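The values are calculated or read from the model by the stated rules, or taken from the named source; none is laboratory data. A quick note: this is a predicted structure, and the numbers were derived from the prediction, not measured. Here the Cβ is made from the backbone with ideal geometry for all residues, glycine too, and neighbour counts use every protein chain on show. To get the accessible areas, we keep the full protein, side chains included, count just its heavy atoms, and leave off ligands, DNA and RNA. Shrake-Rupley method; radii C 1.70, N 1.55, O 1.52, S 1.80 Å.
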Amino acid sequence: MPATAPRAPAPPRPSSSPSTAPAQPSPTAASRSRAPPAGAPSPGPAGPRSRERASRALEPLRPGTTPRFRCGKPGGRTGGTSGARSMGRDQTPPAPREVELKLETDEAGLAALRAHPAFEGAAVKALHATYFDTPDRELRKAGISLRVRRSGDRRIQTVKAGGRAGAGLFDRDEWERDVTGDQPDLSGLDDGPVGDLLADVAGRIAPAFTVHVERTTAEVARGEAAAEVTLDEGVVEAGGREEPVAEVEIELRHGTVADLFAIARRLSEAAPLRLGIRTKADRGYALLAGKPPKGVKSPAPHVTPGMSAGEGFQAIARGCLAHLLRNEPALRLARDPDAVHQMRVAMRRLRAAISLHKPILADERRDAVAAEVKWAASELGDARDLDVFIARTLQPALKANPDEEDLAGFLQRLEGERARAYERALAALRSPRFRAMLLDLAEWVEAGPWLDGEDEARDGPVETFAAGLLGRRAKRLVKRGARLADMEPEPRHELRIAVKKLRYAVEFFTPAFEGRKAARRAKAYLGALERLQEHLGDLNDLAVGRARLAGEPHASRLDPLLFGRVDESRMLAEAVDAHDDLADARRFWT
């Protein structure tokens with residue numbers, strides 16, 4: 001179960017709990033589609049922007065000003081028209097895509113923001129929402145959320161589905177309609193995957209969890225840009241458990257994606273804001289599960305055939321950032337060793353993605369962004385290294401030699417070091433530098449200078465870019481690894497890093513190559529890379545373990561207890577065989 005902090009002040013609950021009976025479609029309920037904007041911000045090329053605009057202060061939107069989107073070609077930094085679907089057959093306008101930046105803070109942070117001049121005269125209202133799903137969580141599995149929200153006398157039904165959600169920037173299909181009661185009205189749905197699923201489950205859905213928040217809303221302006229900023233404070237309740245909510249959402253009404261992040265920066269000067277990825281629905285379902293947060297592996301790559309190389313990089317980087325953020329709660333709240341590992345994997349993959357795409361990321365911010373990611377990864381490094389050494393080497397040795405006092409003393413000392421390493425890692429996550437790193441990175445990915453102007457490689461097909469990159473790196477790796485049997489630990493470690501980077505590249509780009517033959521070859525090639533990386537990793541763990549032992553007072557006695565059964569020659573031979581298998585593996589990108 002996620003840790004439950006002291007309950008945040010919440011608006012009064014509804015006078016009665018929502019019914020637990022399955023919702024029945026109401027054919028008489030009138031539907032209303034939220035009016036779509038002219039376009040929605042999306043990352044992509046655009047002309048140069050003035051950095052001077054980033055320093056402009058926020059101010060309340062002037063009375064009479066009509067927020068609007070600035071239109072641009074699809075994929076542009078200024079926004080493009082999305083082809084979202086309408087929810088009801090009788091609704092002519094397409095459903096808008098909700099594009100927003102989500103940030104997290106705490107009760108004190110929200111109080112500081114409410115005192116900000118931009119929120120002078122802001123609207124405040126209590127919102128009570130019930131989320132619905134089937135007993136088997138069919139909507140959750142399909143990536144769909146369905147809720148009915150009560151605001152005063154209104155009941156508003158909202159469906160959110162699909163789209164892109166990565167690193168705080170959400171871009172999703174959204175449909176809204178007024179309904180007459182507290183139950184969803186799923187009548188008159190469009191044909192299509194979302195409508196078909198909702199129609200199929202209409203008789204089986206029931207309330208799953210509730211959200212009660214006090215929402216403060218202000219329209220703010222920054223130069224020519226305008227955005228709606230909402231502050232939500234309250235609680236999510238599910239399965240007899242609850243979790244406080246303290247969120248900030250910024251939805252751009254008029255301007256560019258860069259303006260969206262600039263507004264976030266101005267607000268972060270007043271309160272400690274961190275990039276968020278968990279929706280209220282995520283929180284509710286986590287509470288229903290009733291388990292502590294734990295480390296999660298990286299999501300499947302989102303690169304698809306037909307993307308440009310630049311769009312491919314953005315898809316990869318968003319996935320890496322989402323991977324990083326999804327593991328942060330498990331480290332902060334549960335000190336889960338796997339979360340430390342997964343956060344480091346996410347940051348290694350981010351650094352690898354930046355390195356692999358250097359030819360199309362030539363701007364003045366790239367190296368600084370990568371350096372901050374490297375710093376963050378290093379702050380977690382000692383905790384991960386100690387986790388590995390204790391779990392894979394020291395504890396098994398002590399289990400085999402339970403009466404060895406020197407081993408027990410060594411473990412006790414390293415447990416103390418590990419506790420301090422975790423404190424250092426947690427301090428880094430709480431630091432302003434880490435929060436700034438996340439926001440800087442997300443902004444650079446979505447609207448960095450690397451997107452300016454024309455660039456043949458960046459704007460060309462991702463398949464062409466990937467094929468050239470994979471071919472060059474695979475050829476260099478095979479040539480370099482031919483000397484593996486004679487390598488010293490340090491160059492062998494460098495070879496391991498090159499293998500890992502090529503493996504990440506294969507994972508990133510495999511979805512860009514269509515066809516069964518390509519998929520079959522990619523699976524075999526990735527398997528060969530994984531085997532080589534595993535053998536080189538074992539050799540590296542041995543070298544690092546012996547280096548750690550070197551400073552111990554009883555090193556000569558402990559060495560045979562820890563490493564006496566290790567056959568380094570056999571390990572090296574297995575690594576050489578794995579390299580030969582990789583050299584013979586068929587390329588899937590040609």
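Numbers below:
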{"quantity": "Dipole of segment 97-291 [Lys/Arg +1, Asp/Glu -1 at C-beta], most positive-end residue of Gly255, Ala129, Val179", "calculated": "Ala129"}
{"quantity": "Packing rank of 422-433, 246-257, 304-315, 386-397, where each peptide gets the mean count of other beta carbons within 10 Å, highest leading", "calculated": "246-257, 304-315, 386-397, 422-433"}
{"quantity": "FRET E, pair Thr464, Lys358, Förster distance 22 Å, beta-carbon r, rounded to 0.05", "calculated": "0.85"}
{"quantity": "Dipole magnitude of segment 97-291, debye to nearest 20 (Cβ charges: Lys/Arg +1, Asp/Glu -1, about Cα centre)", "calculated": "340 debye"}
{"quantity": "Separation of the Lys291 and Ser431 label points, Cα + 7 Å toward Cβ, nm", "calculated": "3.2 nm"}
{"quantity": "Accessible carbon and sulfur surface of segment 432-489 relative to its total accessible area, %, 1.4 Å", "calculated": "52 percent"}
{"quantity": "Alpha-carbon centroid distance for the pair segment 176-254 / segment 528-558, whole angstrom", "calculated": "51 Å"}
{"quantity": "Net length gained if the chain between Glu514 and Arg472 were fully extended (0.36 nm per residue, minus Cα distance)", "calculated": "13.1 nm"}
{"quantity": "Spread of Cα-to-Cα distances over 5 Å intervals beginning at zero, given as percent, for segment 97-291", "calculated": "1, 7, 15, 19, 20, 16, 12, 6, 3, 0"}
{"quantity": "Average accessible area per residue (Å²) across segment 97-291 - probe 1.4 Å, nucleic acids and ligands excluded", "calculated": "32 Å²"}
{"quantity": "Residues listed by number, segment 509-541, amide nitrogen under 17 Å from Ala573 label point at 7 Å toward C-beta", "calculated": "535-536, 539"}
{"quantity": "Per residue accessible area of segment 353-400, 1.4 Å probe, in Å²", "calculated": "42 Å²"}
{"quantity": "Apportionment of accessible area to carbon and sulfur, segment 97-291, percent (1.4 Å)", "calculated": "46 percent"}
{"quantity": "Estimated FRET transfer efficiency when R0 is 30 angstrom, pair Arg483-Asp559 (beta carbons, to 0.05)", "calculated": "0.60"}
{"quantity": "Rel. contact order, % - alpha carbon contacts under 8 angstrom, at least six apart, segment 308-408", "calculated": "24 percent"}
{"quantity": "Candidate lysines for bridging to Lys291, where Cα separation is under 27 Å - those fewer than 8 sequence places away on the same chain excluded", "calculated": "Lys102, Lys141, Lys160, Lys280"}
{"quantity": "Segment 484-590 - charge dipole about Cα centre, Lys and Arg +1 at Cβ, Asp and Glu -1, debye rounded to 20", "calculated": "620 debye"}
{"quantity": "Where labels lie 7 Å past Cα in the beta-carbon direction, separation of Arg204 and Arg137 in nm", "calculated": "1.5 nm"}
{"quantity": "Stretch gain in nm, segment Ala543-Arg392, where the contour uses 0.36 nm per residue and the Cα spacing is subtracted", "calculated": "53.0 nm"}
{"quantity": "Gained length - Ala112 relative to Glu494, 0.36 nm times residue gap less alpha-carbon distance", "calculated": "132.7 nm"}
{"quantity": "Net +/- balance of residues flanking Arg586 in space, Cβ distance below 10 Å, scoring K and R +1, D and E -1", "calculated": "+3"}
{"quantity": "Largest to smallest principal axis extent of the C-alpha atoms in segment 452-590, angstrom", "calculated": "61, 36, 23"}
{"quantity": "FRET E, pair Arg413, Val566, Förster distance 30 Å, beta-carbon r, rounded to 0.05", "calculated": "0.85"}
{"quantity": "Estimated inter-spin distance, Thr304 and Lys523, nm [label 7 Å along Cα→Cβ]", "calculated": "2.3 nm"}
